Structure formats: C-alpha cells, structure tokens
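**Q** I have a structure I would like to understand better, so I am pasting it below and will then ask my questions one at a time.
Bear in mind these aren't lab numbers, they're just calculated from the coordinates by the rules spelled out. Source: prediction; values computed, not measured. In this analysis, Cβ positions are derived from the backbone assuming ideal geometry, glycine residues included, and neighbour counts consider all displayed protein chains.
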Amino acid sequence: MNKTKQQAAGGTDAEIAVSARNVTMDFGAPIPAVDNASFDVEKGSFLTILGPSGSGKTTLLRMIAGFQTPTSGTITIGGKPVDAAPAHRRSVGMVFQKLALFPHMTAAENVAFPLKMRRVNPADIPGKVETFLNLVKLDGYADRRPHELSGGQQQRVAIARALVFEPELLLLDEPLAALDRKLREEMQLEFRRIQKELGVTTINVTHDQREALVVSDDIIVMDNGKIQQHAKPVGLYRAPNNLFVAGFIGISTFMDGVATNEGIKIGNDMLIGTLTKGVKAGETARGAVRAEQIRIAPSSDALGSLDMMLEGQVEDVIFEGERLTYVVASDRLPDVKFQIYHHDPHEFDLFEPGAAVSFGWNGRDMKVFPCHPQ
Ligand SMILES: Nc1ncnc2c1ncn2[C@@H]1O[C@H](COP(=O)(O)OP(=O)(O)OP(=O)(O)O)[C@@H](O)[C@H]1O
Ligand SMILES: [Mg+2]
C-alpha cells in the first residue's frame, strides 16, 4: 500500500491520511471560494474546518470528497490523488447538513444500503447493520422509518450509514446544525466517542466554535476562502494568529490604538499588553482581551495585583445561566465597552447596572494585533 509518511513536529513519523497542497477553487467571483489551502490530516485524527458562512468550508469538503475538482492544486487520500471515481467506489463516508435518509426505508435498510451498493456478501449484512446501529445507540429502532424517529435519532442513522462500510475517511458537513443545543452537545460527544472507538480519520465542517473546540484534535479556521490558522484547540484558543481568529473564538473586548513595547496606546493612555508577531511599536494596532481574563471587583484593593487596572461603571448585566457578562465602561476609554465574565453563582448579585467597579488584566492576556489585513 502506498502510505504517505511525514516527519511530525515531535520527530515521530505520523501517517498522513489526507493531504491538500495549494488547493484553490475559483468560481469566477472576486475572491476564490478556497484560496491556496495546504494542510495534512493525520491518520485516525479528527479535524474540524471552522469558519463563518461563505468562508469556503463546504467547497473544501466537496473537493476532498471528489464532488468538485479544484481549479488548481492537489488533494490526496491515502497517498492517492482524489479522482472522479463514483461515490460508492471511494472509501469515504459522508454525513451532510440536510439529511439524505431514504424515507421509505427502515433504519436498518438505510444502514444496509451502502453495503448492498458495494456488493457485500448478503449473509454478512444483518450483522454489520446491527453492530453499527448499536454503535450509535439505536438498537431497538431498526424497523422504524425516518419519520418515526426524532431528529437526533435520524442523524445517528445517517452516521451509522456513513460508517457501516468502514471507510478510511469520514466527512461531516454541519450534520448537527439543525438540532437543538442540548441534543447537539450530546451528539458532539457521541461523535468523538465513535470516532475514537473506530479510529476513522474524520473531517468535520462547522461554524460552531464550541463544537470545534470540544470534538477536534485539530482545527482549521477559514475566512474568505483562506486558512487563517491550523492548530490544536487549546493552541487556537490561547494564541490566535490574527484578529479574525481572536474575534471568532471566544468573546473579546477590542481597542484601537498604536502599538508600543508595553502594549497599546490609546490617546495618551497606556494599556498594558503583549505584542503579537507581525506588529511593531509605532504601528496602528488593535488590542484584544478575553472576557474571562478580565477580573472585576468592588475596589482596586479587592482586585489583587494585576498589571493593568481601570475604574469603571457597570452598564449592563447579562445573565447566561452558568455565568454573567458585565458590560463595563470606563471614562478613560470612552469608545470601549469591556465585556467581563463572572463565573461564581454565589456572587451573581454582586453588581447592578450603575455600580462603580475596578477591573483589570495581566499583560500577557491582552494581545496586540496588527490592524492591516493578513
Ligand atoms: N457551485 C458554486 N458556484 C459558484 N459559487 C459557489 C458555488 N459553491 C459555492 N460558491 C461560493 O463559494 C463561497 C464559499 O461557499 P461555501 O459553500 O464553501 O461556504 P461555507 O463556508 O460552506 O458556508 P456555509 O457555512 O454558509 O455553509 C461562497 O461565496 C459561495 O457563494
Ligand atoms: Mg457550507
């Protein structure tokens, strides 16, 4: 077998399942739908492509699936170029946002379908169908038709159907987008469990940053057809590459000014922060500090020691269940509304709108990005 190996950063040999090199899809619009994308997906790993609507996620997934031929660049699966072989000849399972279960077939018949297409020995089919219905926890539902199943159960039939022929690669295009939040979060964990259990290389598309952080080994963030960052979830969260990623993942307060070696200067006011790569002192810049990295207290004494402290007034209190968000204004920075999380439920009545507060952060937590486009 032709296996692609690559020296991973840690020095170990990682086997590469999918590889994209300089892949562009140009539909003739002012900017390409996918612009010069290059990445590798390690065998057995779970990659999420995350980005806003129109950023090129589905187009990229369709090219990997072989439904669309790139304008330029190459994609290989298991070392072989993706070609136009009919879907049932390729070892790729797919689940789409819009379910494509056969309405007149039972759950078991739906799951059996790809096996029949692949001319699996009919004697082996019932056992495989049962195994995969069990895997998605639908034992007992084999004889139901799609309209007799809930949305989440239908999704699980679709997953079983995509996995039953034991593909090398599983492609998921927002299959959970239509589900309610609780079910979606349950299914995210299910996906992860099933993926790890089978060890199938998975590429998942979503615009839900939480889903991406929860389920993935690696995340690619896309915007305007371009890969903005390719990193592990924690790395992406801690060290966004640029303003787009900083704004897309988590909640941050942004402030415009001029970069200095100590942080960012807004008018005559110095705000302590850390310059990211690509920005130099003296350049126009934007500082970003995450809502959970700003501390808030009734007075500066109660705040403890922080590199940067401000006085302000609470303008709004937004209750979100497991946390509160305070919106805080400071006379020193009239153009900025700080968003500050508060997580202790015993203190949820601490501040009301109008309350005078102290707040601040440490220098490493306010990142100063260049303002020019990447
Ligand atoms: N067949 C096509 N012909 C022309 N333009 C297309 C075609 N498919 C997609 N596009 C354009 O390419 C861009 C990327 O589309 P794509 O469907 O990949 O986005 P997406 O990230 O999946 O968005 P969403 O989250 O809304 O599904 C969009 O501007 C879209 O209008
Ligand atoms: Mg899409």
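**Q** Who wins for biggest fluctuation among Asp180, Asp349, Asp307 in a Gaussian network model of the chain, springs between alpha carbons below 10 Å?
**A** Checking each option, the largest mean-square fluctuation is seen for Asp349.
**Q** For the chain, give the share of DSSP beta bridges that are antiparallel, in percent and rounded to the nearest 5; count only bridges with both residues there. Numbers along the way, then the final one.
**A** On the way: 62 of 82 bridges.
Approximately 75 percent, going by the DSSP bridge assignments.
**Q** Residue farthest toward the positive end of the dipole of the chain, with Cβ of Lys/Arg at +1 and Asp/Glu at -1: which of Gly51, Ala162, Ser216?
**A** Checked the options; the winner is Ala162.
**Q** Any idea what the dipole of the chain comes to, in debye rounded to 20, about its Cα centre with Lys/Arg Cβ at +1 and Asp/Glu Cβ at -1? Can you show the working numbers first?
**A** Working: 40 positive and 46 negative charges, 357 e Å.
Here the size comes out at about 1720 debye.
**Q** So for each of 103-116, 181-194 I average, over its residues, the number of other beta carbons within 10 Å; can you give me the resulting order with the highest mean first?
**A** On the way: 103-116: 18.8, 181-194: 16.4.
My ranking of the peptides, most packed first, is 103-116, 181-194.
**Q** Still on this structure: From the convex hull of the Cα coordinates of the chain, what is the mean projected area in square nanometres?
**A** Working: hull surface 91.5 nm².
Quarter of the Cα hull surface area: 22.9 nm².
**Q** Give the lysines reachable from Lys128 as a straight Cα distance under 19 Å; neighbours fewer than 8 places away on the same chain don't count.
**A** Qualifying lysines at Cα under 19 Å: Lys116, Lys137, Lys196.
**Q** Let me ask something else about it. With +1 on the Cβ of every Lys and Arg and -1 on the Cβ of every Asp and Glu, and nothing else charged, how large is the dipole of segment 251-370 about its Cα centre, in debye rounded to the nearest 20?
**A** Numbers: 11 positive and 19 negative charges, 148 e Å.
The dipole of segment 251-370 has a size of about 720 debye.
**Q** For the chain, with a Gaussian network of springs between Cα atoms less than 10 Å apart, report the residue from Leu243, Leu350, Leu50 with the top mean-square fluctuation.
**A** Per the Cα network of the chain with a 10 Å cutoff, Leu350 tops the list.
**Q** A follow-up question, please. Of Gln97, Gly247, Ala123, whose Cα points farthest to the positive end of the dipole of the chain (charges on the beta-carbon: +1 Lys, Arg; -1 Asp, Glu; origin at the Cα centre)?
**A** Highest projection toward the positive end goes to Ala123.
**Q** What residue among Gln293, Met270, Ala329 has its Cα farthest toward the positive end of the dipole of segment 251-370, where the charges are +1 on Lys, Arg and -1 on Asp, Glu, each on the Cβ?
**A** Met270
**Q** Which order do the peptides 146-159, 218-231, 293-306 come out in when sorted by mean C-beta neighbours inside 10 angstrom, highest first?
**A** Numbers: 146-159: 18.7, 218-231: 21.9, 293-306: 15.2.
Final packing ranking: 218-231, 146-159, 293-306.
**Q** Can you give the % of DSSP beta bridges in segment 251-370 that are antiparallel, to the nearest 5? Mind dumping the intermediate values first?
**A** Numbers: 40 of 42 bridges.
The answer is about 95 percent antiparallel.
**Q** Need one number: the % of Cα-Cα pairs in segment 126-257 sitting beyond the 22 Å mark.
**A** Numbers: 3879 of 8646 pairs.
Considering segment 126-257, 45 percent of its Cα-Cα pairs are separated by more than 22 Å.
**Q** Then there's this: For segment 230-272 and segment 118-194, write down the distance between their C-alpha centroids in whole Å.
**A** 41 Å
**Q** Specify, per residue and in Å³, the volume enclosed by the convex hull of the alpha carbon atoms belonging to segment 251-370.
**A** Details: hull volume 11.3 nm³, N = 120.
Hull volume over Cα atoms, normalised by residue count, gives 94 Å³.
**Q** With n ≥ 4 as the cut-off for DSSP H runs, can you work out [θ] at 222 nm for the chain, using -39500 (n - 2.57) per run divided by the number of residues, rounded to the nearest 500? Numbers along the way, then the final one.
**A** Values: 9 runs with 85 residues, N = 374.
Dividing the helical sum by the residues of the chain leaves -6500 deg cm²/dmol.
**Q** For segment 149-216, what is the charge dipole size about the Cα centre, in debye to the nearest 20, if Lys and Arg each add +1 at the Cβ and Asp and Glu each add -1 at the Cβ?
**A** Values: 9 positive and 11 negative charges, 38 e Å.
Magnitude of the dipole: close to 180 debye.
**Q** Using 1/(1 + (r/R0)^6) with R0 = 22 angstrom and r between the beta carbons of Gln313 and Asp335, what's the FRET efficiency to the nearest 0.05?
**A** Details: r = 15 Å, r/R0 = 0.69.
Plugging the Cβ-Cβ distance into 1/(1 + (r/R0)^6) gives 0.90.
**Q** With the cut-off at 1.5 for a/c, could you classify segment 240-302 from its C-alpha gyration tensor as rounded, prolate or oblate? Can you show the working numbers first?
**A** On the way: a/c = 2.38, a/b = 1.22, b/c = 1.95.
Here segment 240-302 falls in the oblate category.
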